[in-house]
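Peer 1: The structure that follows is given in the form of structure tokens.
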Amino acid sequence: MIVEDEIIEAMFLGKILELWGYEVCEITTSGEDAVHEAEVERPDAVIMDIYIHGKISGIEAADKIRFKVGIPIIFMTGYSDEETKQKACAAHAAGYFVKPLNYNRLKEALTSIVPQDS
Amino acid sequence: MKDKKETKVLLPEESAMPHRERAVLKGFERDWKSAEKALRLTRFTVDNLSDAVYWMDSKARIVDVNETACSMLGFTREELLNLTVFNIDPDFTEDKWVKAWDTLKDRGKMTLETKHRTKDGRIIPVEIMANYLSFGGRELDCAFARDITEHRRAEEALQESEERFRSLVESTSDWVWEVDAQGVYTYVSPQIRNLLGYSPEEVIGKTPFDLMPTEEARRISGIFASISANKKSIKNLENINRHKDGRLVVLETSGVPFYDSQGNLAGYRGIDRDITERKLVEERLEASIREKETLLRELYHRTKNNMQVISNLIDLQVISVNDEQTLKLFRETQNRIKTMALVHEKLYQSKDLSNLNLKDYIGDLANAVLGSYQLSADRISLHLDVESISVSIDTATPCGLIINELMSNSLKHAFPGDRRGEVCLSIRQSEEGGIEMCFSDNGIGLPKSFDFRNARSLGLTLVKNLSEKQLKGTIELRTDHPTEFRIKFREPLYRKRV
């Protein structure tokens, strides 16, 4: 599942994931929708932007998802400041990537969580 | 009057008296009765005075009292006539009495404040008006005692209120003042020392304008003349004053008019607050905001220019491309880049740098898209009905991209060959505060079974995702003639990040 409020970026990332052999079950743009969809869809992993639409941030949404359904979260953000990084680490992220994304490293992180043959 | 028995004059047998003596005696009896009536009336009046009356001799013995004295102290008349001044006045000693008696005898009258003690021990503050009189060989002090409990209470309340006012005035950091109708200071609180370095005495008698630089004095006196002519209040009037040490101090003045008993303007009372620091902070903030605005405008400008450069690079690339399909892809990409570049152009032209007017933006965009397909105006006409709606960049960009895709689709597919027609675009604000975009064309139309939700083209996928996921709105397609897309959404969608 992809959580990203720039829908064109999300669509592009979705295409890349499909090329890698993954199925993108949902693209959402807000934290609240992300929590809801994670409960409904139960994806193997969530790739989450930190600053997104809605009342809760990506980090808050990730906390709720981890608490409710225990799905691993990979964060991506356009903000490379130390505070954002620390918040992401505190949220027990399975990965943390600053945009523009390094797709090779994203693929490695994703493969370690969700092997492609799963 | 307690003694109601008439005094009977004992006369010899009238019949035994000569006629002339009898007449004299009758006259004497009439005079006696008349004097007795006058005496009763006087006594009644004295007994019913609101003041207590005491007659005392030189030894401070009470020799007579009126009814009010009895009721004020709670003694009977008989009890009081057995007491002295020292019994009813705890402050009077014999020495004091002797001195007071001598003074009274000397002056004839005197007024003093003292205390009286009632029979049940209560203390009453009294004002005494003592009168010396010598009567029938006796020296007396005829004293009128007035209960001043209420008067004293009112005085104490007034004093307390004045004290409270004074401590407030003197403890506040603001300078409290009063000017007369000519604008001359008649009261200046001590805080003026902290604000302008002067003592209150140095400022009383001056006008506020005497404390200002010449130009400022001229400006403020004009404003004050207008305010006082209309008897209006002074509200947060900023003015520049010169401190005793020469530096400039910005004060904020507020005040209200007050009037004399005839209703004429008697002056103004108010406060001045030192806002020099606040003004400096405000100026620094304004400078900082101006600097940020300049930077933001420059950023939008450069973003737009960079997008223009990308578009130009595509133009250069296109020169060496011959394949029609590839050329089409480049042109579509170029239009998408221009759509976003135009948002930044409109933003750096906007006043507040965070919102732009959809009417300006969509008008320019629609004409640019139409121009990019090199279709003559007499073949395809464009009808725009876009309201002036202010939206943020986060709404404008997806709106622009949606319009670009819908128009491009129409221009590419709806008018094959030399078919003529029109495309219509309206954007309106709904009564509920939402925004409704409606795009239609009268081209060949879509098949009735066309399911745009499962369309594979990038253009329609973008339209669907931008409408539903980015704008959090709804999208409807009508395939009956004309083909019409209706998109509804609300703004703002989320917290601002600019």
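The values are calculated or read from the model by the stated rules, or taken from the named source; none is laboratory data. Source: prediction; values computed, not measured. All Cβ positions, glycine included, derive from the backbone under ideal geometry; neighbour counts span all protein chains shown.
Peer 1: Which one is farthest from B:ASP394 (Cα to Cα), of the residues in the stretch A:47-74 that are in contact with a Lys or Arg (Cβ under 9 Å, 6 or more places away or on another chain) and hydrophobic (A, V, I, L, M, F, W, C)?
Peer 2: Taking the candidates together, the pick is A:VAL69.
Peer 1: Go through the stretch B:71-106 and give me each residue that's out of contact with any strand residue (DSSP E or B) (no Cβ under 8 Å at 6 or more places or on another chain), free of Cβ contacts under 8 Å to residues at least 24 places away in the same chain and within 18 Å of B:CYS142 (Cβ to Cβ).
Peer 2: B:ASP102, B:ASP106
Peer 1: Need a quick list: strands (runs of 3 or more DSSP E) entirely within the stretch B:136-245 having at least 2 residues that are more than 24 Å from the chain's Cα centre (by Cα) and not assigned by TED's automatic domain parsing to the domain that holds B:THR68.
Peer 2: Hits in the stretch B:136-245: B:185-188, B:234-242.
Peer 1: Something else: Does the stretch B:431-444 contain at least one residue that is surrounded by fewer than 18 Cβ atoms within 10 Å (Cβ to Cβ), in contact with a Phe, Trp or Tyr (Cβ under 8 Å, 6 or more places away or on another chain), assigned to a strand (DSSP E or B) and in the same structural domain as B:THR397 (by TED's automatic domain parsing)?
Peer 2: Yes, the stretch B:431-444 contains at least one residue that is surrounded by fewer than 18 Cβ atoms within 10 Å (Cβ to Cβ), in contact with a Phe, Trp or Tyr (Cβ under 8 Å, 6 or more places away or on another chain), assigned to a strand (DSSP E or B) and in the same structural domain as B:THR397 (by TED's automatic domain parsing).
Peer 1: Just one of the numbered conditions (1) away from every other protein chain (no Cβ under 14 Å); (2) part of a helix (DSSP H, G or I); (3) in contact (Cβ under 8 Å) with a residue 24 or more places away in the chain is not true of B:ARG453; which one?
Peer 2: (3)
Peer 1: Please specify each residue of the stretch A:40-66 satisfying the condition of being small (Gly, Ala, Ser) and either more than 14 Å from chain B (Cβ to nearest Cβ) or touching a Phe, Trp or Tyr at 6+ places or on another chain (Cβ under 8 Å) (or both). Lay out the reasoning, then the answer.
Peer 2: Within the stretch A:40-66, the subset small (Gly, Ala, Ser) is A:45, A:54, A:57-58, A:61-62.
Within the stretch A:40-66, A:ALA45, A:GLY54, A:SER57, A:GLY58, A:ALA62 qualify.
Peer 1: Restricting to the stretch B:260-298, count the residues that are loosely packed, with under 15 Cβ neighbours inside 10 Å and either on the phi > 0 side of the Ramachandran plot or of a type in the set (A, V, I, L, M) (or both).
Peer 2: Going through the stretch B:260-298 one residue at a time, the tally reaches 8.
Peer 1: Please find, within the stretch B:61-114, the residue that is modelled with the lowest pLDDT out of those that are part of a loop (DSSP other than H, G, I, E, B) and of a type in the set (S, T, N, Q).
Peer 2: The qualifying residue modelled with the lowest pLDDT is B:THR93.
Peer 1: Are any residues in the stretch A:1-39 among the small types (Gly, Ala, Ser) and at the interface with chain B (Cβ under 9 Å from one of its Cβ atoms), and if so, which ones?
Peer 2: Of the stretch A:1-39, the ones among the small types (Gly, Ala, Ser) are A:10, A:14, A:21, A:30-31, A:34, A:38.
A:ALA10, A:SER30 - these are the residues of the stretch A:1-39 that are among the small types (Gly, Ala, Ser) and at the interface with chain B (Cβ under 9 Å from one of its Cβ atoms).
Peer 1: Testing B:LYS448 on (1) in contact with a strand residue (DSSP E or B) (Cβ under 6 Å, 6 or more places away or on another chain); (2) in contact (Cβ under 8 Å) with a residue 24 or more places away in the chain, one condition comes back false. Which one is that?
Peer 2: Evaluating B:LYS448 over (1) in contact with a strand residue (DSSP E or B) (Cβ under 6 Å, 6 or more places away or on another chain); (2) in contact (Cβ under 8 Å) with a residue 24 or more places away in the chain leaves (1) as the failure.
Peer 1: Looking only at the stretch B:203-218, count how many residues are surrounded by 12 or more Cβ atoms within 10 Å (Cβ to Cβ), in contact (Cβ under 8 Å) with a residue 12 or more places away in the chain and not β-branched (Val, Ile, Thr).
Peer 2: Qualifying residue count for the region: 7.
Peer 1: Here is a follow-up. Restricting the search to the stretch B:151-201, which residues are of a type in the set (Gly, Ala, Ser) and either touching a helix residue (DSSP H, G or I) at 6+ places or on another chain (Cβ under 9 Å) or under 15 Å from B:ARG273 (Cα atoms) (or both)? Outline the logic, then answer.
Peer 2: Step one: of the stretch B:151-201, the residues of a type in the set (Gly, Ala, Ser) are B:154, B:157, B:161, B:167, B:171, B:173, B:181, B:183, B:189, B:197, B:199.
Answer for the stretch B:151-201, where residues must be of a type in the set (Gly, Ala, Ser) and either touching a helix residue (DSSP H, G or I) at 6+ places or on another chain (Cβ under 9 Å) or under 15 Å from B:ARG273 (Cα atoms) (or both): B:SER171, B:SER173, B:ALA181, B:GLY183, B:SER189, B:GLY197, B:SER199.
Peer 1: Also: With surrounded by 13 or more Cβ atoms within 10 Å (Cβ to Cβ), modelled with pLDDT under 90 and not small (Gly, Ala, Ser) as the only criterion, which of B:LEU25, B:LEU49, B:LEU10 stands out? Walk me through how you get there before you give the answer.
Peer 2: Details: B:LEU49 fails: modelled with pLDDT under 90; B:LEU10 fails: surrounded by 13 or more Cβ atoms within 10 Å (Cβ to Cβ).
The unique qualifying residue is B:LEU25.
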